Amino acid sequence: MANILVAGGAGFIGSHTVLALHEAGHHLVVLDNLSNGSSENLLFGELIVGDIRDGALLDRVITDHEIKAVIHFAASIEAGESVKDPMAFYANNVGGSLSLIESMVRNGVRSIVFSSTAAVYGQNEEAETLSEELPKKPINPYGHSKWMVECMLKDTAATGALDAISLRYFNAAGGDPEGRIGERHDPETHLIPLALDAARGARNEVKIFGTDYDTPDGTCIRDYIHVSDLADAHALALHQLLDRQDPSSGQTKAGYYDAFNLGTSRGHSVRDVMNTAKKVTGIDFPVIEDTRRPGDPARLVADATRAKSELKWSPDRSDLTTLMEDAWRFRRTLGN
Ligand code: UDP
């Protein structure tokens, strides 16, 4: 088992990945500036509060802890915010990733799993499901920043300096099945936690942003994926990369790069989500129809065939009812 640096590991997906990697027997060192994450999300691992743009700090952490691989979540994630302040996003997401990759190369760390996003595809509405080779046409600075980092990793891998896997998430949701940790953003903008907040009375209602889309019930369709299934995919990707480091594996020294979609290949409308939230909680909270939110594509559904066949990934907890039950188990424990 290996010493793994988890950059941005105190956030939603990072902290669930820390759980999965701890259970797989790894030693975790989490570097997080706590701008979005919280130490409360970390059940295991050693937390170092700091920023990936600090190259000297990275060098120290990597050498002091004899880091063998990196999982990189540290980024600004609000697409709407990225439109208002693109430079902050490029500085944090692109500048931070550059600093991290440089430190890895300086210190001979060969393996990195990168947290990417379906936002790299932009508004590709011709395809029913999105496969990895479709054109990358992000529609906001957030999506651009993630795509730029994917390019940096692929180009660096081509020199033979490292091996990298990018994982493109669709709509992450749910929470630890044991209810220990879950989704918590401030401010909260995501549909499922907002619906559950309406159910527990922490907000008066939840709004449906747009009922006139070209979809069967007029509301947007998304591919909701359980955070524990995402965490498992990180562990599988990490193990593939660690295997390449093993001299007995027969792998060549040439750099390796690949990117995988992480979704269920099934879509659910906003109305489906509301109905499932009401059924799971047993509470008939108020739902209000509102106008479209700018920048929302009508449909975003993954073609996740390659993650299943090549990473041997099976997203077993991502049916909407199980995902909602796990999200509710954590959400109902929060104060108002
Ligand atoms: N949405 C909504 N009401 C809300 C928040 C979101 O109708 O209060 C819709 C949003 O327009 C999108 C879907 O729910 O179609 C998922 O939105 P979310 O912000 O959770 O994730 P995104 O798909 O934007 O990453």
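How many residues does region 316-326 hold that are touching a residue at least 60 places away in the same chain (Cβ under 8 Å), out of contact with any strand residue (DSSP E or B) (no Cβ under 6 Å at 6 or more places or on another chain) and either of a type in the set (A, V, I, L, M) or farther than 13 Å from ILE181 by Cα (or both)?
Qualifying residue count, region 316-326: 3.
Give region 103-123 a look and list any residue that's part of a helix (DSSP H, G or I) and touching a Leu at 6+ places or on another chain (Cβ under 7 Å), or say none.
Correct list: SER103, MET104, VAL105, ALA118, TYR121.
Quick one: which strands (runs of 3 or more DSSP E) lie wholly within region 150-242 and hold at least 3 residues that are under 13 Å from the mean Cα position of the chain (by Cα) and crowded, with 19+ Cβ neighbours inside 10 Å?
Output list reads 163-169, 171-173, 224-226.
Here are some conditions: (1) within 16 Å of the ligand (Cβ to nearest atom); (2) closer than 17 Å to SER318 by Cβ; (3) in contact with a Ser or Thr (Cβ under 7 Å, 6 or more places away or on another chain). THR215 meets all but one. Which one does it not meet?
The number of the failed condition is (2).
Determine whether ASP246 is among the acidic types (Asp, Glu) and either closer than 30 Å to VAL149 by Cα or within 14 Å of the ligand (Cβ to nearest atom) (or both).
Criteria met by ASP246.
Those residues that are in contact (Cβ under 8 Å) with a residue 60 or more places away in the chain and not in a helix (DSSP H, G or I), I need them from region 243-263; list them, please.
LYS253, ALA254, GLY255, TYR256, TYR257, ASP258, ALA259, PHE260, ASN261, LEU262, GLY263
Restricting to region 124-149, name every residue that is small (Gly, Ala, Ser) and either part of a helix (DSSP H, G or I) or within 13 Å of PRO297 (Cα to Cα) (or both).
Result: ALA127, GLY143, SER145.
Note down all Cβ pairs under 7 Å where the first residue falls in region 180-192 and is touching a residue at least 24 places away in the same chain (Cβ under 8 Å) and within 15 Å of ALA202 (Cβ to Cβ), the second is away from the ligand (no atom under 11 Å from the Cβ) and not in a helix (DSSP H, G or I), and they're at least six residues apart or on different chains.
GLY182/GLY175; GLY182/ASP176; GLU183/GLY175
With respect to PHE209, is the statement that it is modelled with pLDDT of 95 or more, under 18 Å from GLY11 (Cα atoms) and within 16 Å of the ligand (Cβ to nearest atom) true?
Here the answer is no, as PHE209 does not meet what is asked.
Considering only region 259-312, how many residues are surrounded by 17 or more Cβ atoms within 10 Å (Cβ to Cβ), hydroxyl-bearing (Ser, Thr, Tyr) and more than 20 Å from the chain's Cα centre (by Cα)?
3
Give me the strands (runs of 3 or more DSSP E) completely within region 2-86, filtered to those with at least 2 residues that are buried (at least 17 other Cβ atoms within 10 Å of the Cβ) and in contact (Cβ under 8 Å) with a residue 40 or more places away in the chain, ordered by residue number.
Ranges flagged: 3-7, 27-32, 69-72.
Could you tell me which numbered condition ILE139 fails, if it satisfies all but one of (1) free of Cβ contacts under 8 Å to residues at least 60 places away in the same chain; (2) within 16 Å of the ligand (Cβ to nearest atom); (3) touching a Gly at 6+ places or on another chain (Cβ under 8 Å); (4) of a type outside the set (Gly, Ala, Ser)?
(1)
Looking only at residues that are under 18 Å from the mean Cα position of the chain (by Cα) and either modelled with pLDDT under 95 or β-branched (Val, Ile, Thr) (or both) in region 42-75, which one is nearest to SER111 (Cα to Cα)?
Only one residue tops the list, namely VAL70.
The values are calculated or read from the model by the stated rules, or taken from the named source; none is laboratory data. No experiment lies behind these values; they were computed from the predicted model shown. Because the Cβ atoms are built from the backbone with ideal geometry, glycine has one as well, and the counts that use them run over all protein chains shown.
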